[in-house]
Each structure stands twice: as C-alpha cells, then as structure tokens.
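Shown next, in structure tokens, is the structure this report addresses.
The values are calculated or read from the model by the stated rules, or taken from the named source; none is laboratory data. The model shown is predicted, which means the values in this text are computed figures rather than measured ones. When we count neighbours, we look across all protein chains shown, and the Cβ atoms used for this are built from the backbone with ideal geometry, even at glycine.
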C-alpha cells in the first residue's frame, strides 16, 4: 500500500486508541495524561527488547501492555480518587521525568533515539500490513470492550461519579475502586499503543512523545465529544486527515489549528459534536428501522 | 561555602519569581475561579514581545517593559470572556472545563512561539536589559542586577498585592469571592465584573514577571513556558491550591532547592527535582502541605 | 412584642409586589405561582415548613434565581430579570439563612462589604450600626468566625443595613439560636421597623414571628395557602394546628 495511506491509517488508529485511553478515565473526570508517559516507557522498552535483546515482537508488545498496566496500577493506588488537577499534574510530571531520564540514558539512544528496528514479517510491505492489522484489530477489541463498559453497571457508576461524587458515594459506589480500574485499563492500553507507535516508524525518538501529543488527544476527545466513545472514532480520522489536504506551510501550524478548534468547541459546543443525545437518537432510529423491516 | 551562599542568592531571586507566578495563579484561581494552567505561557509570550520591541526600538528599555506589561494584560483580558463563557456553559463552575481551555491556550501560545518567532530558536535579551556587570562582588560571589531586581520586585509586588487585598474595596471583594462566591453575590458583588478585574491584575503581575525573567535568565525559548508552568503548578499543589502564604513559602523553597541542586549536581536534574518532590507530595498529601484554600 | 395594627398599609401602593411567580430547579418546581405584597414600613412574615419555598422566594426576589414565569416589582419597576448586584444597589437586600457572614474576614470588613455599593456614606452608616449594635463596635477587628451565633446574626443584619436598603429580607433569623437570643433578634427587627425599615422575613418559628409582624403569608409546597393580618393568622385553626403547635 502507498506509504502515505499507511501512515494515515496507522496514525489515525493510534489517535483513536489513545483518545479512548483518555476517554475511559475522563468518565470520572480524570484527565489521565500519564498515558503519554506509558507510551514512552513501554515504547522504548519494547524497542530495546527487540533490537538489543532480540526478543520477538509479540512478546515485546505484551510486555509493553503489562508494564503500562503495572505502572497504572501503582499510580492508581494513590490517585484513584484524586481530584482532576492532581491527576493532570501527576501525568505531566511523569511525562517530564520520563523524558528527562530517557534523554540521559545513552543505552537506549539518549537524545538521538533508536533507529532501524527490524521489520516484522520479514519485508517492509509485510511489516506495514502487520502493523495496520494489529492496530485495527486492537481498535475493534478495545472499542467493543469500551462499549460493554459504557452499557454496564460500572459505566453507570462512572457517570454517577462524574456528575456528583458525594451522591455516588452515598449510592454505594466505591470511587477509588472505579477510578483505579479505569486508570489501569487506560495505562495498559497506552503501553501497548506506545509500542506500536514506534514500530509504525521502526524507530523511537523523544520527539514522538511530547506534550503536544497530550494536546492532540485532548482535542480529539473534546471536539469529538467526551460523553461517548463514538466522538473519538469520528473526530480522530477527520482531525488528522483534513490538514493533509493543505500545503505543508499550513500543516506545520497543525497544533495551533487544533488548539483553536478546541477552544471554539469548548465555548460553542461544550459537549463536543457527537453528543449523548445524538447517539441516542441514532440508536432509536436504527431500532425503529429494524422493527419496520 | 561561597558556592553555597551564591546559590542561596540565586535561589532567592528565582524563588521570588516563582512566588509572583503562584500569586498570579492563585488570584485567578480564587477570584476568577479558573485553573489557568498556561498562565506562565502567557508570561513567556510577553517576554517575546519585550524582545521584539527591544529589537525594533534599539533597546529602548521603557518601551520594551511597557510593551511586555501591556501585552500580558491584553492577553489575559482577551482570554477572560472565553473562560467566563465556558464556566457559564457548564452550569455551575466546572473547573475541569477551564483547565482544558487553559491548556488549549497554552498549546497555541507554545506552538506560535515555535513557529513565528526567531524560527523557534531561543531568544537572547540584550545586556541593556539584563545588565552585564555584577551589581555587587563579595569575594567569589557576584550578584547580578537581574537577581537584585527580581528579589526587590518580588518583595514589592507581593507587598502591594497583600495591601490591595486587605486594605482596598476591590481587595475585599476579591477575598469575599475567594471565600464564598454565593455569599458575595448576595452582598451585591458582581462576580463577572470582579472576576474580570482579577484577570487584568494578573496581567499586570504577568508583565512584571516577564521583565524580571528576562533579566534573570537572559534568554527564553518556546518550551520555557511549559517548563515554568509545570513548576508553578508544582509549587501551588505542594503548598495547597489557593494558599497564598503557602505559595510564598514553597515558591522560595523551590527556588533555593533548584539553585542548590544546580550548584552541586548536573543541570537537567535541577528541573526534575521539583517534579519529584511534587510527585511525592501529591501522592502522599494531595491537599498540599499548607492546605487547600479554595 | 406587640403588633402595631395602625402601621398596616401606610401607603397605597406596595413597595414590593410578587405576582404569580414560578421558579424551578431543573425538574423540581420550587414555586408554583406565588403572589405576595409588601407595603412600606410593614413587617411581613412568610411561614412554612422546610422545603415550602420560603428561601427560594426570597432569593428569587433578590435576583439570585431567574423565575420561569411571573414578575417581581420593586418600587414600581420590574426587577425579576435583573442580576442581584443591581437589585442590591436599588435597595433590596437579603440576610441569608445561616447568617452568611464571611467567617474568615473581620467584623469591620464584613460591614464594609455590606457598604460595597454605598461607600460614600460608609462612615455615617457605620456610626449608626455601631449605635444599634454596640457589641459589633467592640468586636470590630475580630474575625467573624469567633463571634457567637447571635452576634453573627446581628452582624449579618448590620451588614445589610450598611447598604441603606429600602427593603430588608431576612431568611430564618431564629435558626440555631437560643430562645433568649431569638428574642433579642426579633426586638432588633421591630426596632428597625420603627426606624422606618420595611422587613420581609421567613420563619419556621411562626408564633414569635407573627407576634411582631403586621401581615403574613403561609407557604405550602410552593404556593400561598393562607394570607392575612398577623392577628388573623394567629387565631386561624389551620395555622394553629400546623405551625403553632396547638
């Protein structure tokens, strides 16, 4: 497949998955930015495992997920029920510390990064199909899991916490447990995605994992709609895709454009484009069609 | 020993700037009721404006400083209606929404700085502003004018701020809103108009900080805003959100701590130390060392 | 604590007129069409149980809530769509339930906040307030948190007076106060009324309130069920049974 299509599809999948990784904890108002740090840590770790220790990719990917989950678990012990700004600050701090540590570790490339990771499946073409395949399989699986979560008792508990924490507690919801579960899920997902992210380019570099990434995922969620998982699915391909139609000089201003769109949405359409009402009305329309046919 | 003293002086001047930043941040938190993550980025933007005006006018200090203060006020005041609209949108004050808005603003500022100014390379401030010769020399210790100014201005600004808060009508309104916004409405204090005043005031503060930073650091870069904003947030979280006195103590403490680490260990770790401390405090005592006052 | 029947309706048009007011909090209908009138120099009492809508009525009059329908007219002008700070400037003020003083600020600062829109006359008003409430003068530099319940209620009333109001609304002045202190507070309200202030107050303690008021309204689940002079309400069997413990 043409290279540009490969990059578009793979990066879009990453954006969908990472925005979902942020969507899940935000159901209890946690902006879990530590996920970008998870990407970085698991990504570099997997790169090191594959390149220097010749670990097969499959294992490296699984380890990436696991490391994400472990970090997520340990941190959630402390911030499972913390206020939003604390979660944000912990996230930023982890990103900062991670970057500083990696910058100073020459064994994984330091400021130069890691290059020339091997192709999975032997050839560059096979590698690309493989990556796209895994990414979209992941999109389907994760999408399904989130769908089930949203329509479960856990999802309703999360909504209650979002609206009114004290009310939720008085209804018997264990805020910390719910928060921890969501955070662990999110960090695990982020770990794996970080591994795949690097393998899209067959290299790892600190420039991949900057604070700008936080901005991109935040824009996808809030513009798409933070109240449902579908907002991300719609917003990610569009937000990543439409700048590609513009000349490169405009494209370099991508982050500014995203920021401006985010501000416009926050002010004009606070729930995002795909709101809960919208999804509900589509659901009703579909079920009505099913009845009539 | 002399290294120690030199670093303490360094630390105090840097700390004064942190104190000023935290004060502006707390002001917006308590009175405008927003968490303005990217307040320091607005400050760094003003630094760039100072740099541009200095370059354009051949180092005219007065114009440069005026431009910095004005641009800071302008940017703050321009963002005010955005914040207030977002707050109104989400019903009662939903601090989360203002956080995301603030981060979006910061996103834009940082990226604009990386693109449009000096091709994203760091900028250097002329010696006319920073002063090239030490102000005072005691043995091996040399005190630069920038350090003296930031310490002095820090004291004056914080002093004026507390005076305003406790001895003026506007300050009373600020404190009332900080303690109880609903109660303040009851007494007839216009929340939005007063909130607006706090944006303007933090703009003035921001302009002063921009000039002081320029004098102290001698340079600026697009990433500086993010770095400082994380540290300022670290300070306010460790002190306790909204705690003015706590912010004073922790701001100075961080400045001294960073300076000491810088003096005795490698450079890039001095930045990380702030985060490590903050991380420990957030995880262990999320309400901060002095207690949340908001 | 005698009533002054001769003071009733000493003016043809009402100072405050609420007409068919409906207020909702989301789905909950707090007020379903309430109409009351307050004439100058009167003391009017709102009686009702918790949740009847007394606080909602007072805060809507001040301008803290916007009604779904109905009007509030003050001195002949509609004020129901105006913000609270404007109405305070026009002379309406509210002493909220639970005192509503700024606990971390000094007594003097609290009083000055009351005069926020009336600072030119602050010295004159301060002198008057210290005259009526000497205990506040004594404690003027103390933090409001250190005052007793009764003193805080006095501070809240004094603060309202600093804005030179034309209508003083008081929400449940007796809540949480010892009976002796409650007597003091009601004496103060009656004294202020003699000085010419118009007072609208809400109370659960119906007996004491009716004893010093001219007229009253009984609110039940968002509507006015009974209205009349204080004397009539005191002898009404329905009111007696529900609110006077007879």
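Between C:17, C:24, the distinction of being part of a strand (DSSP E or B), within 17 Å of the chain's Cα centre (by Cα) and surrounded by fewer than 22 Cβ atoms within 10 Å (Cβ to Cβ) belongs to C:17 only.
Scanning the stretch C:101-115 for residues that are closer than 12 Å to residue B:186 by Cα, outside any helix (DSSP H, G or I) and facing chain B (nearest Cβ under 7 Å) yields a total of 1. In a residue-by-residue description of the stretch B:169-182, the property of being in contact with a helix residue (DSSP H, G or I) (Cβ under 9 Å, 6 or more places away or on another chain), within 14 Å of chain A (Cβ to nearest Cβ) and crowded, with 21+ Cβ neighbours inside 10 Å applies to no position.
Tell me, which residue of the stretch C:72-98 that is within 14 Å of residue C:161 (Cα to Cα) and under 15 Å from the mean Cα position of the chain (by Cα) is nearest to the other protein chains (Cβ to nearest Cβ)?
As a first pass, look at the stretch C:72-98 and keep what is within 14 Å of residue C:161 (Cα to Cα): C:88-96.
Okay, now just the ones that are also under 15 Å from the mean Cα position of the chain (by Cα), so C:88, C:91-96.
On the way: C:88: 3, C:91: 11, C:92: 9, C:93: 8, C:94: 6, C:95: 9, C:96: 6 Å.
Across the stretch C:72-98, the extreme among qualifying residues is C:88.
Within the stretch A:5-33, if we keep just the residues that are farther than 14 Å from residue A:237 by Cβ and away from chain B (no Cβ under 14 Å), the residue that is farthest from the chain's Cα centre (by Cα) turns out to be A:6.
Please note which helices (runs of 4 or more DSSP H) are completely contained in the stretch A:172-277 and include at least 2 residues that are surrounded by 23 or more Cβ atoms within 10 Å (Cβ to Cβ) and within 11 Å of chain B (Cβ to nearest Cβ). Walk me through how you get there before you give the answer.
On the way: elements: A:175-201, A:211-224, A:230-241, A:248-251, A:254-268.
Helices (runs of 4 or more DSSP H) meeting the threshold: A:211-224, A:254-268.
Checking C:177, C:234 one by one, the residue that is in a loop (DSSP other than H, G, I, E, B), on the phi < 0 side of the Ramachandran plot, out of contact with any strand residue (DSSP E or B) (no Cβ under 7 Å at 6 or more places or on another chain) and surrounded by 15 or more Cβ atoms within 10 Å (Cβ to Cβ) is C:177 and no other. Put simply, of A:162, A:144 the only residue that is surrounded by fewer than 18 Cβ atoms within 10 Å (Cβ to Cβ), touching a residue at least 24 places away in the same chain (Cβ under 8 Å) and in the same structural domain as residue A:20 (by TED's automatic domain parsing) is A:162.
Taking the stretch C:82-100 as the region of interest, how many residues are part of a strand (DSSP E or B) and farther than 9 Å from residue C:170 by Cα? Give the steps one after another, and end with the answer.
Applying the first criterion (part of a strand (DSSP E or B)) to the stretch C:82-100 yields C:92-95.
When the remaining residues are screened for being farther than 9 Å from residue C:170 by Cα, the result is C:92.
The total comes to 1.
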